[in-house]
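Encoded as structure tokens, the structure appears first; notes follow it.
The values are calculated or read from the model by the stated rules, or taken from the named source; none is laboratory data. Note that the structure is a prediction, hence the values are computed from the model and not measured. Cβ placement follows ideal geometry from the backbone for every residue including glycine, while neighbour counts extend to all protein chains displayed. Heavy atoms of the whole protein, side chains included, go into the accessibility calculation; ligands, DNA and RNA do not. Shrake-Rupley method; radii C 1.70, N 1.55, O 1.52, S 1.80 Å.
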Amino acid sequence: MPPGELIELRPTKPVQYSGADAQFTQHPDGSELVNFAGPDDGNQISGLTLDQQPGEGGFTENLVDRLSPGQRHGLAAKLCEYERVDLDSRKDWEELTKQALTLLGVTKIDVSRLPFLGAAAVQHPVIAEAVVQFNSNAIEEFFPPTGPVKGDPLGDVTEEIEEAAERASQYLNYYLTVQDTGYYADKDQSLFYLPIAGSIFTKAWLDPRDQLPRARYIKADDFIAPYFARDLENSSRYAHRYHLTGGEIAKAMALGEFMELTLPRPGLEYGDQETMEDMADRRTKSLHEDDELYEILEYHIDLNLPQGVDEYDDGGLELPYIVTCDKTTQEILSIRRNWRQDDENRKKRVWFAHYKFLPGLGFYGWGFLHVIGSLADAISGSLRAQLDSALFATVQGGFRAKDGVKKGGSIAIQPGKYQDIDASSEELSKSFFTPPFKEPSPALTQLFEAMVQDARRFASLTEVLVGQADNKAPVGTTLALIEQSMKLFTAVHKRIFSAAREEFRMLRELIHDFSPAAQYPYHMEGKRQVAMKDDFGDHVSFVPVADPNIISDVQRIALAQAVLEVVEKAPQLYGPEQQVEAHIRFLKALKVPDWHKLAPTLPSPTYMDPVGENALMMTGKPVRAYPGQRHDMHHQVHQFQVEAARNTLPPDQFQHVYMVLAAHMREHQVLQASETISAKMQQTHGVPLPPTDIYGQNQDIDPKVEMAISILAAQSLPPVPQAMPGSAAAMAQGQQPGDPQAQVQQDIQASQAKMEAAVRGKQIETHARIERDTHTFVADYKQKELEHAQRLRQMEEEHQARMRQIDQETATGILRKHAEHTAGQRHERVVHLSALARSRDEHQLSLRHARETARESLTAKRQARRSMNGHGRKKAA
């Protein structure tokens, strides 16, 4: 190859040069032809196919090996030119970001901006306060201790897909919290930088060292987008600018990430501009002569490679590639395809997630620096003006006549001391003049406070705290105040939620598409678990575990407390499970350690006698009625407990006890009525009433079965029982209870009597209406049947056969089949319970046998120990 200085990077006409055994011709479009036979041989072939055929190294191979040195340098020069043009388009934006550290108070104010030597140079921390509060809230919400990710199954969700999503999310949480040790620190720093600059970019890639995915944030300064860019997906190019040492480049070459070549040693100067990190860390650019620092440009770009480089590139539309260029030496290190191998449309794959604090008006987002930076500067200027005014008013100065005193020089005044001077008091008064210095103006102070309040209100620093809010106000009012004051952060959290979903999407694709491992074993809570590579397919997506609508613990506690109060105010509308869930959510919102130890549970009722049921109900324990009990006797014993409680408890306590006892007594009454009707149906028609679970969730029955039950049950109703003493009917007939303290109970019973009478009246009307509707239906049916027979005489035989079949399917036959099915299910349940009981007995028997064996072994050991001790004492004696 000829020396490098003879190659023209941007030739305007074909350039030819000769090597040891070939002739090279470089064309203006970047292509290069090689003639191995020499200048006189007209059979020229492309130099792109010298070393290997296209596709020989796989779809993800590094295509840079197929380029000639001239083509590599030409492409590198083009990318460097892109960088220069794109950076020129955002110069004003970069100038604004340089003011960030000054407004944060990290760097000192330029002395040239001060009005006089020694003037105040303090910066008000209103932006720093907003940034710190946002970072504290965001990192806690988006990175809890258990991990930042939860799985979200897509498409037709099956049990297998849900299990795969659960395995994938558990592994990814383990990976981001335990295995990838730098992820949390990187995420914490990114959420601190985001409100300052307004934009950050998270880049995802597969680490060639361990083949594990990595996701790290990139400052907006190091992400270079063109002037016309609006979003990442539709931008034709964008670049990540970073630095690598010579050792890191050598490792990348050894791992096959970069093409193996010898790079010239870079100079010690790697940039003239001072970065934000330099200013924040108080450091200066200084390198040792052994240090090798290369500036790398990683371009994600759409382009056409020279003909023959890529078999997928037919010279038509530009294709997406990832091109890594060393800007220091202008050398291309890698070129890789950036689309799915099975994608016929060659759609670009995006490996960056754009986080925006505020949406802004262009490609980059806005931060506090953009929207309240000028206000923060005015606040700091007002504060410095007050300090300067106070300084002049406290330590006054003025003018002195040159010949006013006989003795020259300066004399420092010290508190409590008088200095001798060769001048009279009259001469001193004539020689010195002190201008009138005013104290800081109250108007300036009020303006300062108003500007600070405006800045804090915009930055959502006026959050309503629980301790500062009115504790007499409803929880809903407090929650509304919190949401109103945190609207800015709520919107920002929603943007972070959307960008984080893209970040987790990139990690999922890296694991599924590029990682060579098929399984990912890990340990969690002392157990070995395994996630499969296929678990990270397109059937699952990952979203942040944080709720974008809740951004602080104050808001979460207020919301949980509001739910708890709603449940407690209307407990009749919520079941026991819902009430327990409300308390559990409140404990979780409070972040109580080991909250599950305090969480309430639902005790399961047991099969008890009526006396035991009374004892449990009086102490607040749950009870229930069971089929087959002597409901009338239970009712008598519970009625005795009602009368006893009425005579011994205060009215307020009795009211609560009565409600519990009355509800349980109604359960017995319902079961007794159902069993009575079922027995009557069994005696009259030979089939019982299907059982009804008054505590569970019953399923819809067949309409034919329902109609049969209605007919037979209406024919099997027993006589109405007589009015019992103390019942609503007895009270309506004039019977008065003997206890005068039961006025409250009488009112309740009277109200219940009215309600039952109204219900009974409604039932009578309903039965009458059903009977009328039945007769009407039968009459209409017969009329239609006659009309149908008249119209369709040819189908009379078929119709009569169908009617005979309907007559044969009586209500008794339908119910008998249903009863047999129910009996079969009940028998299976009894067999299952018997098997469980037998297994429990065998387990207890085995445990008892093991205890006896252990006890016998322990006794034998003790006897042996006693005999040995006795033998030892005899031997000692």
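Residue by residue through segment 140-180, note down the ones that are of a type in the set (A, V, I, L, M) and modelled with pLDDT under 85.
At the first step, the residues of segment 140-180 found to be of a type in the set (A, V, I, L, M) are 149, 154, 157, 161, 164-165, 168, 172, 176, 178.
Listed by number, the residues that qualify are Leu154, Val157.
For every residue, the table says whether it meets (1) surrounded by 13 or more Cβ atoms within 10 Å (Cβ to Cβ); (2) acidic (Asp, Glu); (3) part of a helix (DSSP H, G or I).
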residue	(1), (2), (3)
Cys80	yes, no, yes
Glu83	yes, yes, yes
Thr97	yes, no, yes
Ala121	yes, no, no
Asn137	yes, no, yes
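Annotation note: of Arg666, Arg624, Arg646, the sole residue that is of a type outside the set (Gly, Ala, Ser) and more than 23 Å from Pro571 (Cβ to Cβ) is Arg646.
Annotation note: Cβ proximity below 7 Å between a residue of segment 545-574 that is farther than 30 Å from Glu502 by Cβ and a residue that is modelled with pLDDT of 75 or more and open to solvent by less than 30 Å² (accessible area, probe 1.4 Å) (sequence gap 6+ or interchain) occurs for Ile557/Ala589; Ala560/Ala589; Val563/Ala582; Leu564/Ala582; Val567/Ala582; Tyr574/Val567. Against the numbered list (1) surrounded by 13 or more Cβ atoms within 10 Å (Cβ to Cβ); (2) at pLDDT 80 or above; (3) outside any helix (DSSP H, G or I), Tyr607 comes up short only at (1).
When every residue of segment 146-156 is checked against the conditions, none turns out to be open to solvent by 20 Å² or more (accessible area, probe 1.4 Å), part of a helix (DSSP H, G or I), among the aliphatic types (A, V, I, L, M) and out of contact with any Lys or Arg (no Cβ under 9 Å at 6 or more places or on another chain). Contact map, segment 194-206: residues that are in contact (Cβ under 8 Å) with a residue 12 or more places away in the chain paired with residues that are β-branched (Val, Ile, Thr) and not in a helix (DSSP H, G or I), Cβ distance under 9 Å, separation 6+ or inter-chain. Pairs shown: Leu194/Ile200; Ile200/Ile218; Phe201/Ile218; Thr202/Ile218; Lys203/Ile218. Among the numbered conditions (1) touching a strand residue (DSSP E or B) at 6+ places or on another chain (Cβ under 8 Å); (2) of a type in the set (A, V, I, L, M, F, W, C); (3) open to solvent by 10 Å² or more (accessible area, probe 1.4 Å), the only one that Phe201 does not meet is (3).
The set of residues in segment 238-266 that are of a type outside the set (Asp, Glu), over 24 Å from Pro320 (Cα atoms) and open to solvent by 50 Å² or more (accessible area, probe 1.4 Å) comprises Thr245, Ala250, Lys251, Ala254, Thr262, Pro264, Arg265. Within segment 444-468, the set of residues being modelled with pLDDT under 55 and either under 23 Å from Val371 (Cβ atoms) or surrounded by 17 or more Cβ atoms within 10 Å (Cβ to Cβ) (or both) comprises Leu461, Thr462, Glu463, Val464.
Every condition in (1) part of a loop (DSSP other than H, G, I, E, B); (2) surrounded by 13 or more Cβ atoms within 10 Å (Cβ to Cβ) is met by Pro593 except one, and the failing one is (2).
Determine, yes or no, whether Gly404 is surrounded by fewer than 17 Cβ atoms within 10 Å (Cβ to Cβ), touching a His at 6+ places or on another chain (Cβ under 9 Å), modelled with pLDDT under 85 and outside any helix (DSSP H, G or I).
Values: surrounded by fewer than 17 Cβ atoms within 10 Å (Cβ to Cβ): yes; touching a His at 6+ places or on another chain (Cβ under 9 Å): no; modelled with pLDDT under 85: yes; outside any helix (DSSP H, G or I): yes.
So Gly404 fails the test.
The single residue among Gln655, Gln629, Gln641 that is closer than 30 Å to Pro688 by Cα and at pLDDT 85 or above turns out to be Gln629. Residues of segment 136-158 that are farther than 20 Å from Tyr355 by Cβ and of a type in the set (S, T, N, Q): Thr146, Thr158.
Pairing each residue of segment 64-77 that is more than 18 Å from Glu298 (Cβ to Cβ) with any residue that is open to solvent by 10 Å² or more (accessible area, probe 1.4 Å) and aromatic (Phe, Trp, Tyr), provided the two are 6+ apart or on different chains, yields C-beta distances under 8 Å for Ser68/Phe24; Gly70/Phe24. Counting only strands (runs of 3 or more DSSP E) that sit completely within segment 489-572, zero hold 3 or more residues that are modelled with pLDDT under 80, open to solvent by less than 20 Å² (accessible area, probe 1.4 Å) and farther than 22 Å from Val157 by Cβ. Number of residues in segment 309-355 that are more than 22 Å from Thr60 (Cβ to Cβ) and surrounded by fewer than 21 Cβ atoms within 10 Å (Cβ to Cβ): the value is 6. Tyr294 falls short on exactly one of the conditions (1) under 24 Å from Leu510 (Cα atoms); (2) assigned to a strand (DSSP E or B), and that condition is (1). The set of residues in segment 174-227 being in a strand (DSSP E or B) and of a type in the set (Gly, Ala, Ser) consists of Ser199, Ala204, Ala215. Within segment 221-236, being closer than 19 Å to Thr324 by Cα and open to solvent by less than 30 Å² (accessible area, probe 1.4 Å) holds for Phe223, Ile224, Ala225, Pro226, Leu232, Ser235. Remark: pairs (first residue in segment 371-391, under 19 Å from Leu358 (Cβ atoms); second residue open to solvent by less than 40 Å² (accessible area, probe 1.4 Å) and modelled with pLDDT of 80 or more; Cβ separation under 6 Å; 6+ apart in sequence or on different chains) = Ile372/Ala455; Leu375/Ala455; Ala376/Val126; Ala376/Ile127.
For the condition in a helix (DSSP H, G or I) and at pLDDT 70 or above, what is the one hit in Gln794, Gln825? Step through it out loud before you land on a result.
On the way: Gln794 fails: at pLDDT 70 or above.
The conditions single out Gln825.
Checking Asp272, Asp291, Asp281, Asp313 one by one, the residue that is modelled with pLDDT of 85 or more and among the acidic types (Asp, Glu) is Asp313 and no other.
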